[in-house]
Every structure is written in structure tokens, then in C-alpha cells.
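The values are calculated or read from the model by the stated rules, or taken from the named source; none is laboratory data. These numbers come from a predicted model, not from an experiment. Counting neighbours? That spans all protein chains shown, and the Cβs are built from the backbone with ideal geometry, glycine included.
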Amino acid sequence: MTTILVAVFALLALAAVFGALLGFASEKFRVEGDPIVEQIDALLPQTQCGQCGHPGCRPYAEAIAAGEEHNRCPPGGESTVVALSELLGREVLPLDAEEGSALDVKRVAVIREDECIGCTKCIQACPVDAIVGAAKLMHTVIADECTGCDLCVEPCPVDCIDMVEIKPTLGTWSWQRPPGVGSKPDNLIPVVTL
Amino acid sequence: MNASIGKPRLLFDFHGGIHPPQNKTLSNQRPIRPAPLPAQLILPLNMHLGAPAKPVVQVGDEVLKGQKIAEAQGAVSLPVHAPTSGKVVAIGPRPIQHPSGLDAPCIVIEPDGREQWCELHPLPDWRTCCPPSALIPRLREAGVAGMGGAGFPSAVKLSPRAEHPIEQLVINAVECEPYITADDMLMRERADQIIAGVEILRHILNPKEVIVGIEDNKPQAIEAMRRAATGSGIEIAVVPTKYPSGGEKQLIYMLTGKEVPSGGIPAQVGVVCHNTGTALAIHRAIVFGEPLISRVTTLTGKALREPGNMEVLLGTPVSALLDAAGADMNRIGRLVMGGPMMGFTLHSSAIPVVKTTNCILAATAEELPPPATEQPCIRCGSCADVCPADLLPQQLFWYSKNQDLERAQQYNLMDCIECGACAYVCPSHIPLVQYYRFAKGEVRKEMAEQQKADRARQRFEARQDRLAKEQAEKEARRKARLEGSKPAAASGVDVAALKAASLEASAAYKAAVKALKAAEAEGSDQVAALASDVEQLKAKADAAKAAVRDAGNAPAAPVVDVAALKAASLEASAAYKAAVKALKEAEAAGQDVTALRTEADALKAKADAAKAAVRDAGPATAKAAPVQPATAEQPAAEKADDGAERAQKMKALKTAFNMSHKHFKEATAALEHAEREGADNLEELRKQVERFKLKADKAKAALGLLVDQAKADMRASGSDLKSLKIEAAQTEAAARQKARELEAARVKGDDERINVLSRELDALQREAQVAAGALKAATDEQGLADA
């Protein structure tokens, strides 16, 4: 009888101790917000272009976390879809081209400054505040901050914004992938015994 | 054997390595010749690793030899100097030394042939004149960069962090790559100057030991260096010939046994490594004050009649050097800058020699045949046997080929030194290095994109916060405006007090009148005193009444009354209805109905009057409290949440509409273009246009629906825009009318009336302001200003 009582008491004591520990841990290490949203947001390209139908990448991340399809991000392309599939354990879907055109080339907005009338409409449209200017004064795009999202093009009343392809520079150029088995590479220089 | 090599250094052998044919005798048979002065010198602003320099001369400027023509921008950058006297003829893009074949900004100088030096600041007494650290800026100003291959600014390498004390200074004179003999010849001919440069480096860094590493295939150079280093304490270490023993990390390991950590720099293990050519340049920069304007370059290859080493002015086009070395242009199969293992094919012979150009290889087609066809990997493992960086080239190859960058990085892709040993031994002729370079480029690109994305996210979030704050401020201002109408309501208390005072005063007056009458009747003699009392009391009561009347005109006063009036109106109409009922019953009973009818008529009139009163008071109530206070607050909060959600939805829809409309416009333009050109994919384009149009329409319809909904909600919540507008107009009109009345009173000169009217006017004007504010707030809040 005593043995049973001791066992029960010991188990109860253990349960109480671990319960307290777990309770403390759950308070101490509480996770604020939904971490999956952060993780999804980190994978999205942050162009804030709205082509997914959401006003920015974070809202789309929230929508994906809530169950929306993860293939609606044209700027991210296939690689983003694959990365999201891996993160979420969902099927890899083909990119939803309906939601916009997927472009391989990176582009940046350029304002034809002579034609700008200073209406500030593009400034209001820019999701990353990459356009500077004031009412009735010329606006210009900070090229380094522009995500190439196209959102400033439509509001411009005088159509003076062009999306210009970013040309590779010495700093951004990189080697091409060799064509693969059965073809001859073009840059390797092997030394041969003469 | 002299003292400096008393005991041979214990060497550590690094893993792997290959022994390609040396082909060095081709170019090390002739002494160093000066290269001819070309017609034009092309000086890239980016001859070194780091940020490009910024030109400080203009087209047309005359420059002297050694004059600074471009200044360093940033910490890791170097200035550019004119290699000879002449005239700047152009500043613009020219083909430069880069495997991409891209053009980059250059300064083009046309030499005048006079070789006139600018003023130099030699420092022969560098040991004593100044602290060692004062020499570093001089090297930077002289534009000294690593001349072995990477072109890293030497001044940066010479300022190691305090937490990395330098134990060994390693001078890299290995020159392990086939064909190249520039350092070999330099050591044979100018060993004294090189050792003098090493002394300066030792003076600056103050290391425990200084080791010069030379491969054993350069006996003459070793001999010359040993002679020059005699008695200096500089150790000349001979390393066995093996490619790539000249790699910085490999040489440091060989000489000191220290391994540079992955992703780290040699200074972390207490070592600094410089090239022989750099040591010479440092000597000239300090002792003679000469900036780095020339270097020794190997011209070699079977297509040259007179291969050898030349002292070349920086900026000399490769074509001029080929001419000087008697190149047979028809025999050149491939023109390479750098060595055959790590160099790159030149796409143009107009490319200039820069600080890092140690070799120009004009090879015949037999010498450097076109690469063989790539075969599948047979997993022989030869690449892993020869990798000097202890990597697994085969694994890296798979991951690079499949763009599995994460795994490639786990296998230390970034530690690959791109020496080409793996590709050299690969029996399947797989261009391994090219795969690694591609993967490295992708990794860098990804990193850059990640950085940009992070910045965009920060900016986006900052913008969202800012917009939210602005919205909150707007909301707060709107609330403040609503609060502004409260003081008027507060005057309601005063009205009650005033009324009480007025009633008291009139009661006192009445009592006094009674007393006066009684006294008169009694014939008392106090009549006079009482009469004056009565007069005073009457004045008081009048004043109180006037005050009540004035206060009654204040906007909030009717709030109380309206409820009472409504009740009265209801009562009256109930009474009227009851009377009508009674009347009907009486009629049915055939009784005399005249009295009842009169009664009913009277009640009807009363009810009508009450109704009219309520109606009149109604607008006043609304004016006093445009948005129903207290009771409306609870649902208002819920509405606000709804509103925020809807605003977001509306924004998303607007974005969607804008995007699809833009696509539609683009597609239309494309279609038009195609129609003009007569392209054959018209049908497809048309379909695309249709699709985008449909999408834009859909988005617009959804947006419209949402806007309508918002408007309906607004109406339901009682803050209907229309009624607010009407109200604002009404109060304004009332205020105007009061102003006119006041004007009329002024003309008449009725002082009391003027007072009353001006107070009324003030109240009305305040009201008008409140109404206008409420209207604006409502418009802003619903975001319909532009919808």
C-alpha cells in the first residue's frame, strides 16, 4: 500500500514540477506573432509590386500562411515557388502566369525628367519610397532602392516613367553556366604538353 | 652558403597540386627591355580591386609623368597616375582587362614624348624621418596595388588590425604558373631594389621574420636574391616546383605551416603576404617618390618572334606590345592575359596593360588548342587528388551544375581559388572552374539580392508605419474637431443655472410686487422703499431672463428640450388619436359630437405644433452633435476596424486594377506594333489583350462594389456625406443671415440687440466650422476623396 502511495505521490510531484517548468518556459520563450509569416516574408523578393493581388510582400506572406496558393509571385519566379514549397511542405506549383508576366531581366524605373510635371502621383504609388520630389517640382528615382515593381508607371499622367533593363556592370557580371556534356566550353584554357 | 640560410627552413607540403609543362624558357632568355611608347595610353579607372577612381583631369588637360589623374574613392581604392607626359584626349568607356568583355571608363592620354616628370617627393631617409605608419598613406597615394594578380591595394594590407599582430612577412616570388617569368627576370636584374622594398615592408609591419619564397626552377633568381639579402636577416626559402604553390594561402602554409581560415585573411593568422613586383614598386614609391606607372610584363607564346619581358607603361595597349615582340598575327590562336591556368582570353588587342598584368600569352592554335568536348563525369576522383584547397571538386561540380547553391556553400565553394588544377587533370574535360565561377557568381548575386530585398522590406515597413502614423494623426485631429463642439454643450449646465436664477429673481420680484400692493392697500409709508426694491428686482429678473434667452440660443441648449418636445409631441398625438377615437365612438353612438370635435381639433393643433417644434429643434440637435455622441461610440469602433480592413482591400484592388490596366495597355501597344509589322501571332496577342482587359474590368467592378459598400455603410452609420454637406451649408447660411440681422441692428443702433445678435452669430459661426470639419473628416475617413 505504502509503495503505491509513494509511487503516486512521486509521480504527482514530478508532474507538478514539470508542469511548472513547462508553464514557465511557455511564458518565458513565448513567440510573438506568427513565425511562419516571417519565414515566408524572408523568401519573397520584396519588390512590393502587388502582382500577387496583395498590397505588398508581407500581406501576401500572411495570405500564404492563411492558406493561399504560393505561386502568385512573378518577380520571385520558379525559384521562389520551389523555396516556398520546401518551407511549407506543399506541392511545387507552376508559376501562376495569369497574375502577371514573369520577367527574367531586372528592371528599374527611370523618370524622363524633362517631361515630369511634379504631380507626386508616382511618389504616392512607390511602395519603398524610392522616388524623391515635391509638388510642382521634378521627381527622380533612386535607382539603387527601386525594386522594379512597375507601380509608378500607371499613375503617371504624362507617361514619363520608363522601365529600363539593368545592364550588367563589372561589379555584377558573372560567369555563364557551361553548356554541359557534349559541348565545348568557351573559356577554359588547358595547358597541353608540347 | 651565407648566414641567412644557415639552416634550411622546414617546409610543409600542401595537398594536391599539379606539374604542368613550364614553358618558361621561352621568355626568360632575354633581359628586360623597355616597351616602346605607344600612340595612346589607356588608363582604366579600375586597375585594382575595389572602388574605381574618380578622374581629376579633364579632356584637353596637359599632364606630366607621374601626375595624379584620378583619385581614390573610399577605403579600398587607389588613385591613377599619368605614366608619361602628354595630353588627355578622352575620358570614356574603353575595352578593359576583364573576362566579361565589358567596357569601363578609362582616361586616354596621348604622349608628347618628352617624358617630363612632375614634382616628386622622394624619401630616401624613410627609416628615420617619420613613424612607419606615416609611410602607408604615401603608398596609397602612389597607387601601389598587389602586382601578383588580384590587385588588392597594398596600403590596406599594411594596416592590419591591432588584434592581429604580424609574425611573418611572406614575399611571394614563387611564380608557379607556366609561361610567366616576369618576377624571375625582375629578381635576376633588380634583386637589390626588391630587397630594399622588403626592408620598407619590414619597417612598417615589424614582423618576427621575413621569408621570401622562390620556386626551385629559378636558380639564377635565387642566387641573385640571396646575394642581395645577405646580412639583412631576410630569409630566402626555396620551395619545390608545384602548381599552385604561388597561391597566397598555399605559400603561407608551405612556409609557416599556418592555415588561413575559411573566408578569412592571412592577417588573422599573423601573416602578411606581398608580391615581389609589389616590393619593388613600394621601394620606388618611397625612396624615389615615383607612383606606380609601369611594370614588368612577360610577352610569350609561340606566335611571337621575340618573346621576353618588357618594362611596360601602364595603359599600353596589348597590340603595341605584340608589335614590339614581333607577333605573327595570323598564328595567334588565342590571346591570353595572365597565365594559361588562371588567365582569361582577350576579346580585343586594344585592351591596356594594367597593374595586375603579369603576362600576355600569344599562343598558337597548337599550343593552346580549343577545349575538348565535355564528357560525363566518371567519378575517378582525380580532381579531389589535386585540389590544393582540400575541397571536393566532384561534389562542388554536381552542386554547381544543378545550382544547388546551399549545398555547394556547405562544401566550401567560396574557398575555391580557381587554380584550374582539377580541370587540368579531368579526363572528361569538364570545365570545372567555369562551373565553380558560375556558382560563385550566383551565390554573390543571391547575396546581393537578399541584401536589396532586406533593404526594400525595411523601406516598405517604414513607409507603412509612416502612413499608419499619418492616418492616426488625421484621426486624432478629427476627434479634436469633434471635441471642439463640446464646450457649447457644456453651456447647457449654465442654462439650467441661469433658468433657476431667473425663476428665483422673478419669484422675488413677484413677492416684492405682492408686498408693495399690500403696503399700498394698507397705506403703509414703506411704499417708496418697496417700490424701489420692486424696480431693482424687476431689473434683476429681466437680466436673468435675457441671460437665459441668450444661453438658450447657444447650440447645445435644445438637446434637453428636444427630448422633452418629442415626448410632448408623442403625448399630444396620442391624446389627439384618443380624442379622434372617442369622437368616432360618439358619432357611432349618435351622441352630440360638437364638443368632442372641438376638443379633437384643439388636440390636433397641439400635436401639430409639438411636431413642428420637434422638427425645428431637430436640426439644432444635429448641429450640436453632428455624429451622435456616446451611443454611437461603440459601433463606431467596430466600424473603424471594418473600415481599415476595407481600406486595405480597396488598396489591393486598386493595385490590381492598375497592374492589369498597365498590362492591358502594354498588350494593346504590342498588338498595334505587331499589326503594323504584320506579325503572325496576332491572334495570340489579341487574346492577351482581351484577357488583360477582362482582368482590369473585373478589378474595377470589384473596386466599385467596395466603394459603394463603403458609402452605404457611411450612410448607415449616420455620417452620411450628403446630410453632412446639407448641414454644413445650412449652418453657414444661418450664420450669414444672423450677420445680416446684426448689420441691420447696428444701423438701427439697438445696443442690446446688437449684443445678443453678435453672441448668436459667434455661436453659429462656431457651429458652421464644426459642421465643415465633420464633413471633411467623414470624407477623409472613408477614403472617398479620390474614389
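Annotations for the structure displayed:
- Selection from region A:74-127 of residues that are modelled with pLDDT of 85 or more, more than 11 Å from chain B (Cβ to nearest Cβ), in a loop (DSSP other than H, G, I, E, B) and within 27 Å of B:Lys665 (Cβ to Cβ): A:Arg112, A:Glu113, A:Asp114, A:Glu115, A:Cys116, A:Ile117, A:Gly118, A:Cys119, A:Thr120
- Just one residue in the set B:Ile282, B:Ile293 is more than 20 Å from B:Pro111 (Cβ to Cβ) and touching a residue at least 60 places away in the same chain (Cβ under 8 Å); that residue is B:Ile282.
- Sole exception among (1) at pLDDT below 75; (2) loosely packed, with under 15 Cβ neighbours inside 10 Å; (3) part of a helix (DSSP H, G or I) for B:Ala656, by number: (2)
For (1) buried (at least 23 other Cβ atoms within 10 Å of the Cβ); (2) modelled with pLDDT under 95; (3) over 40 Å from the mean Cα position of the chain (by Cα); (4) not assigned by TED's automatic domain parsing to the domain that holds B:Leu11, each residue gets a yes or a no:
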residue	(1), (2), (3), (4)
B:Ile236	yes, yes, yes, no
B:Pro261	no, yes, no, no
B:Gly264	no, yes, no, no
B:Val269	no, yes, no, no
B:Val272	yes, yes, no, no
B:Thr276	yes, yes, yes, no
B:Thr300	yes, yes, yes, yes
B:Pro307	yes, yes, yes, yes
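- Output for region B:149-191, where each listed residue is assigned to a loop (DSSP other than H, G, I, E, B), among the acidic types (Asp, Glu) and buried (at least 22 other Cβ atoms within 10 Å of the Cβ): B:Glu175, B:Glu177
- Checked against (1) out of contact with any Leu (no Cβ under 7 Å at 6 or more places or on another chain); (2) within 14 Å of another protein chain (Cβ to nearest Cβ); (3) modelled with pLDDT of 90 or more, B:Ala476 meets all criteria but (2).
- Selection status of B:Ala150, touching a residue at least 24 places away in the same chain (Cβ under 8 Å), of a type in the set (A, V, I, L, M) and more than 18 Å from B:His203 (Cβ to Cβ): yes
- Taking region B:39-113 and the strands (runs of 3 or more DSSP E) fully enclosed by it, the elements with 3 or more residues that are more than 28 Å from the chain's Cα centre (by Cα), buried (at least 22 other Cβ atoms within 10 Å of the Cβ) and in contact (Cβ under 8 Å) with a residue 60 or more places away in the chain are at B:41-44, B:103-111.
- Residue within region A:97-116 that is touching a helix residue (DSSP H, G or I) at 6+ places or on another chain (Cβ under 9 Å), small (Gly, Ala, Ser), more than 29 Å from A:Lys167 (Cα to Cα) and crowded, with 17+ Cβ neighbours inside 10 Å present: no
- When B:Arg463, B:Arg459 are screened for being modelled with pLDDT of 90 or more, crowded, with 18+ Cβ neighbours inside 10 Å and facing chain A (nearest Cβ under 7 Å), only B:Arg459 passes.
- So B:Thr241, is it surrounded by fewer than 19 Cβ atoms within 10 Å (Cβ to Cβ) and β-branched (Val, Ile, Thr): yes
- Of the listed requirements (1) outside any helix (DSSP H, G or I); (2) β-branched (Val, Ile, Thr); (3) touching a residue at least 40 places away in the same chain (Cβ under 8 Å), B:Val287 misses just one: (1).
- The lone exception for B:Phe344 - which of (1) surrounded by fewer than 15 Cβ atoms within 10 Å (Cβ to Cβ); (2) modelled with pLDDT under 90; (3) touching a His at 6+ places or on another chain (Cβ under 9 Å) it fails: (1)
- In this entry, B:Lys698 is excluded by the filter for residues that are among the charged types (D, E, K, R), under 20 Å from A:Pro75 (Cβ atoms), within 13 Å of chain A (Cβ to nearest Cβ) and in a helix (DSSP H, G or I).
- For region A:134-183, the candidate set comprises residues that are at positive phi and either crowded, with 18+ Cβ neighbours inside 10 Å or touching a Ser or Thr at 6+ places or on another chain (Cβ under 6 Å) (or both); within that set, the residue that is nearest to the other protein chains (Cβ to nearest Cβ) is A:Asp150.
- Candidates B:Asp750, B:Asp680, B:Asp697 - the one that is under 51 Å from the mean Cα position of the chain (by Cα) and modelled with pLDDT under 80: B:Asp680
- Tally, over region B:349-403, of residues that are over 23 Å from A:Trp175 (Cα atoms) and of a type in the set (S, T, N, Q): 2
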